[in-house]
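Only one structure is covered here, and it is reproduced in the block below.
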Protein chains: 2
Amino acid sequence: MPLNEFDIIATYFKRPHLRDDVAIGSGDDCAVLCPPPGKRLLVTVDTLNEGVHFFPTTSPFDIGYKSIAVSLSDIAAMGGEPLWAAVALTIPLPHADWLEDFSKGLYACLDRYQVALVGGNLTRGPLAVSTQLLGACDPKHYLTRHGARPGDLIYVTGTLGEGGLALAFLQNPERFKNINAGQQEQLLKHLWQPTPRLAEGKLLSDIATAAIDISDGLIADLQHILEASEVGGVIDVNALPVTKLLPEKASALTSGDDYELCFTIAQKDLDSLAEISRKTACLMTCIGRIEEGRELRVLENGESLPLTGTGYRHF
Amino acid sequence: MPLNEFDIIATYFKRPHLRDDVAIGSGDDCAVLCPPPGKRLLVTVDTLNEGVHFFPTTSPFDIGYKSIAVSLSDIAAMGGEPLWAAVALTIPLPHADWLEDFSKGLYACLDRYQVALVGGNLTRGPLAVSTQLLGACDPKHYLTRHGARPGDLIYVTGTLGEGGLALAFLQNPERFKNINAGQQEQLLKHLWQPTPRLAEGKLLSDIATAAIDISDGLIADLQHILEASEVGGVIDVNALPVTKLLPEKASALTSGDDYELCFTIAQKDLDSLAEISRKTACLMTCIGRIEEGRELRVLENGESLPLTGTGYRHF
């Protein structure tokens with residue numbers, strides 16, 4: 001297959017899109033875009049490396065899908081709306097089947113959330129995908145990590161633990177004989193094709209005082225909120241909304257790849273929160289409370305758990 | 001050295017910057033930026049991989065500097081102004097010395113062009129740097145590859161061949177005994193710390209009909225202009241402004257890593273061009289002419305050269 005980089009881009013990465021805010025997409029030195037007037041611009045970059053974030057056995061479709069989905073989750077955590085993506089793809093050698101399947105996964109996620117692919121680049125090297133996602137948010141109402149105040153309640157969307165359980169299952173399927181084929185499929189879909197909480201984040205941007213997406217694990221990510229907000233907090237393991245497949249609830253504390261939102265909210269806004277939960281059909285569960293101080297306490301059956309491993313660390 | 005990703009970012013990649021259009025920089029799920037009202041947004045992504053774009057012997061400072069400079073060159077080729085950068089850095093293992101030197105190079109280039117580092121991410125894997133650069137341009141006056149018309153003249157900025165010669169020298173220093181130490185230093189500086197033609201691109205955006213930056217080699221990059229503009233062209237090797245160190249002028253045709261601009265301009269605008277050349281103290285050399293048809297002809301001493309290798313290809 002005598003594919004060169006320009007043929008590859010023309011064959012697999014040029015598709016029409018529906019956005020009219022793209023003056024020039026891929027094919028020039030830069031993309032030329034029309035930012036929505038009066039909004040702030042959101043920018044996030046994520047990299048997936050083979051052997052670290054996915055495996056030689058991971059389907060190219062899933063690698064493509066997830067590379068967009070994880071960045072969308074960052075946009076969701078700011079309460080923003082995604083607009084455009086650019087993808088830097090590094091591959092050892094071009095294979096038509098691989099590229100076809102990868103681009104299908106990429107576009108499946110892009111199209112689902114009406115994001116236009118506006119550029120990127122293709123280089124030779126060990127397999128890696130670096131995605132930049134651009135979005136917009138209201139200049140006043142967006143979510144950050146630094147607004148949590150003592151007395152606020154700590155919430156999470158959806159259920160926790162699926163991402164970490166899926167990874168554990170892939171590493172050692174023999175340990176999970178209790179998980180049937182349908183459940184396996186659901187877990188792996190959660191791992192490779194996570195659902196960014198975009199609608200939820202956008203609605204929460206009016207009321208949440210702080211937010212983050214759970215990618216490294218609940219404790220690690222909640223710690224970022226506490227540090228940025230200069231507060232402490234307490235969470236109750238018994239309250240965690242955890243997938244029934246997980247043998248122990250506490251393991252959801254450090255389970256990565258959930259891509260749910262963890263956010264804080266003042267008591268006075270609980271009615272609005274209930275309304276958002278209803279509108280989005282998304283479970284929103286109170287798991288704890290923001291406190292004075294700088295410490296994170298984790299309770300299980302009324303006892304403090306010692307905090308050791310706190311989540312995924314790259315090094 | 002027990003550095004984790006958060007320590008690394010805090011230690012090496014958080015510095016104050018002078019831009020007041022950054023509402024939130026690194027440290028949240030996304031950067032929050034204020035795009036300049038009434039402008040278009042420019043986006044470009046470039047990746048440098050060890051073993052392909054740089055070598056185990058390349059200094060971390062140079063890797064950092066070049067990772068920003070090549071993307072700035074894309075902004076220059078659109079006639080834009082650079083604003084913000086995000087860097088996805090993949091490293092095998094964190095070493096304090098390496099990170100220190102890399103971040104110095106990165107900031108040396110960022111600071112020189114008043115670009116704010118607003119985010120990025122750090123992952124473990126084979127050494128690679130993927131940079132996204134965001135800039136702005138006038139909504140009407142920006143440079144593209146598709147505006148060249150028959151009769152336009154083809155120009156390049158500066159001199160060609162230094163980048164390719166520096167690479168050839170690194171691969172086989174014995175072959176270049178005629179190049180003295182001072183010249184070596186100058187060549188390597190050109191290769192690793194290229195000067196993006198930002199001021200030139202911005203002024204040219206009023207008059208050039210098409211433009212591209214020369215990263216893959218003059219012929220390969222000029223071909224992009226011809227293809228996008230649906231025209232042909234003729235260039236004269238004898239007219240090429242080539243470094244005196246290059247043994248044969250024609251080798252500048254396929255020499256990559258020059259980061260000069262190749263652009264086209266109508267005859268009527270030659271006076272304005274002379275003024276821009278004077279203002280920027282940048283050599284601007286006519287090397288050919290746009291023609292009807294779709295072919296690129298290359299003349300040397302009045303004879304047509306056969307076109308074989310046309311520049312750097314990643315695969």
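Rounded to the nearest whole Å³, what is the per residue volume of the convex hull around the Cα atoms of chain A? Intermediate results must be reported in sequence, preceding the final value.
Details: hull volume 45.7 nm³, N = 315.
Per residue, the Cα convex hull of chain A comes to 145 Å³.
How far is the Cα center of region A:18-47 from the Cα center of region B:70-125, in Å?
Spelled out, the Cα-based centre of one part sits 20 Å from the other.
What do you get for trypsin sites (Lys or Arg not before Pro) in region B:122-168 restricted to DSSP loop and a cutoff of at most 11 other Cβ within 10 Å of the site's Cβ?
On the way: sites: B:Arg124, B:Lys140, B:Arg145; in loops: B:Lys140, B:Arg145.
Loop-located and lightly packed - B:Lys140.
With a cut-off of 8 Å between alpha carbons and a minimum separation of six or more residues, what is the relative contact order of chain B in percent? Mind dumping the intermediate values first?
On the way: 683 pairs, mean separation 68.5, N = 315.
About 22 percent, as a whole number.
Which angle between 0 and 90 degrees, to the nearest 10, do you get for helix A:60-77 versus the longest principal axis of chain A when only C-alpha atoms count?
Around 50 degrees separate the two axes.
Counting only protein heavy atoms and a 1.4 Å probe, tell me what percentage of the protein assembly as shown's accessible area is made up of carbon and sulfur.
Numbers: 12640 of 25600 Å².
Here carbon and sulfur together make up 49 percent of the probe-accessible area.
Report, ordered by chain and residue number, the lysines lying within cross-link reach of B:Lys177, taken as a straight Cα distance under 18 Å and ignoring same-chain residues fewer than 8 apart.
Output for B:Lys177: B:Lys244.
Between B:Glu174 and the same site in the other copies, what are the distances in nm, shortest first, taking label points 7 Å from Cα along the C-beta direction?
Inter-copy label distances (nm, one decimal, shortest first): 5.5.
Could you tell me which residue out of A:Leu133, A:Leu143, A:Tyr155 lies farthest along the dipole of region A:111-229 toward its positive end? Charges go on the beta carbon: Lys and Arg +1, Asp and Glu -1, centred on the Cα centre.
A:Leu133
Using a simple charge model, +1 on the beta-carbon of Lys and Arg, -1 on the beta-carbon of Asp and Glu, nothing else, what dipole does chain B show about its Cα centre, in debye to the nearest 20? Working shown, then result.
Details: 26 positive and 40 negative charges, 57 e Å.
Result for chain B is approximately 280 debye, rounded to the nearest 20.
How large is the accessible surface per residue of region A:246-289, computed with a 1.4 Å probe and reported in Å² as a whole number?
Details: 2040 Å² over 44 residues.
Solvent-accessible surface per residue comes out at 46 Å².
Only counting protein heavy atoms at a 1.4 Å probe, give the residues of region A:35-54, ordered by number, whose accessible area falls by 40 Å² or more when the other protein chains are present relative to the chain alone.
Listed by number, the residues meeting the 40 Å² cut-off are A:Pro35, A:Arg40, A:Leu41, A:Val43, A:Val45, A:Thr47, A:Asn49, A:Val52.
With a cap of 14 neighbouring Cβ atoms within 10 Å, and only residues DSSP puts in a loop, list the GluC sites (Glu not before Pro) found in region A:235-302. If you can, show how the numbers build up before the last one.
Numbers: sites: A:Glu248, A:Glu260, A:Glu275, A:Glu291, A:Glu292, A:Glu295, A:Glu300; in loops: A:Glu248, A:Glu260, A:Glu292, A:Glu295.
Taking region A:235-302 and a limit of 14 other Cβ atoms within 10 Å, the loop GluC sites (Glu not before Pro) found are A:Glu248, A:Glu292, A:Glu295.
How big, in percent, is the set of alpha carbon pairs in region A:1-113 lying more than 16 Å apart? The partial results should precede the final answer.
Values: 4079 of 6328 pairs.
Cα-Cα pairs in region A:1-113 separated by more than 16 Å: 64 percent.
Of B:Leu253, A:Leu48, B:Leu226, which is farthest towards the positive pole of the protein assembly as shown's charge dipole, taken about the Cα centre with +1 and -1 on the beta-carbons of Lys, Arg and Asp, Glu respectively?
Result: B:Leu226, furthest along the dipole toward the positive end.
How far is helix B:270-280 tilted, in degrees, relative to the longest principal axis of the Cα atoms in chain B, given as a value from 0 to 90 rounded to the nearest 10?
For helix B:270-280, the angle is close to 30 degrees.
What is the angle, in °, between the Cα long axis of helix B:162-171 and the longest principal axis of the Cα atoms in chain B? Nearest 10 is fine, range 0 to 90.
Its long axis makes an angle of about 60 degrees.
If you average the C-alpha positions of region A:206-258 and of region A:154-171 separately, how far apart do those two centres end up, in angstrom?
Each part's Cα centre sits 11 Å from the other's.
Over the whole of A:111-121, what's the average partner chain Cβ count within 10 Å per residue? Rounded to a whole number, please. Write out the running numbers ahead of the final one.
Values: counts 0, 0, 0, 0, 0, 0, 0, 3, 6, 7, 8.
Mean shielding count: 2.
Mind checking how much accessible area A and B bury in total, 1.4 Å probe, in Å² rounded to 100? Write out the running numbers ahead of the final one.
On the way: alone 15350 and 15350 Å², together 25600 Å².
Heavy-atom accessible area buried at this interface is about 5100 Å².
Within the set A:Lys66/B:Lys14; A:Lys202/A:Lys249; B:Lys66/B:Lys189; B:Lys66/B:Lys104; A:Lys140/B:Lys14; B:Lys14/B:Lys189, which residue pairs have Cα atoms separated by over 20 Å?
Numbers: A:Lys66/B:Lys14 28 Å; A:Lys202/A:Lys249 29 Å; B:Lys66/B:Lys189 10 Å; B:Lys66/B:Lys104 12 Å; A:Lys140/B:Lys14 25 Å; B:Lys14/B:Lys189 26 Å.
Long pairs (Cα-Cα over 20 Å): A:Lys66/B:Lys14; A:Lys202/A:Lys249; A:Lys140/B:Lys14; B:Lys14/B:Lys189.
Ordering B:Asp216, A:Asp138 by how much accessible area each has at a 1.4 Å probe, largest first, what is the list?
On the way: B:Asp216 25, A:Asp138 60 Å².
The residues order as A:Asp138, B:Asp216, largest area first.
Between the label point of B:Asp138 and that of the same position in each other copy, find the distances and list them shortest first in nm, with every label point placed 7 Å from Cα along the Cα-to-C-beta direction.
Output for B:Asp138: 3.6 nm, nearest copy listed first.
State, as an integer percentage, the relative contact order of region A:153-304 based on alpha-carbon contacts under 8 Å between residues 6 or more apart.
Working: 270 pairs, mean separation 65.9, N = 152.
Contact order relative to length: 43 percent.
Around B:Trp192, with a cut-off of 12 angstrom between Cβ atoms, what is the net charge of the other residues, counting Lys and Arg +1 and Asp and Glu -1? Working shown, then result.
Details: positive: B:Lys66, B:Lys189; negative: B:Asp62, B:Glu162, B:Glu185, B:Asp257.
Net charge around B:Trp192: -2.
Run a plain Debye calculation on region A:153-304 (Cα atoms as equal point scatterers, no solvent) and give log10 I(q)/I(0) at q = 0.12, 0.13, 0.17, 0.20 Å⁻¹, rounded to two decimals, same order as the q list.
Result of the Debye calculation: -0.50, -0.59, -0.97, -1.26.
When only alpha-carbon atoms count, how far does the protein assembly as shown stretch along each of its three principal axes, as whole angstroms with the largest first?
88, 48, 43
Restricting to Cα pairs below 8 Å that are 6+ residues apart, what does the relative contact order work out to for region B:1-47? Please round to a whole percent.
Values: 20 pairs, mean separation 9.4, N = 47.
Relative CO of region B:1-47 lands at 20 percent.
Once amide H atoms are placed 1.01 Å from N in the peptide plane, what residues at a sequence separation of 5 or more from B:Leu305, or on another chain, have their amide H within under 5 Å of its amide H?
Amide H neighbours of B:Leu305: B:Val298, B:Leu299, B:Glu300.
For region A:153-304, give the magnitude of the charge dipole about the Cα centre (Cβ charges: +1 Lys/Arg, -1 Asp/Glu; no others), in debye to the nearest 20.
480
Where the label is 7 Å out from Cα toward Cβ, how close does B:Pro150 come to the same position in every other copy, in nm, shortest first?
Shortest to longest, the spacings are 7.9 nm.
The values are calculated or read from the model by the stated rules, or taken from the named source; none is laboratory data. Keep in mind that this is a model prediction, so the values were computed, not measured. Cβ coordinates were reconstructed from backbone atoms using ideal geometry, including for glycine residues, and neighbour counts include every protein chain displayed. Calculation scope for accessible area: heavy atoms of the full protein, side chains included, ligands and nucleic acids excluded. Shrake-Rupley method; radii C 1.70, N 1.55, O 1.52, S 1.80 Å.
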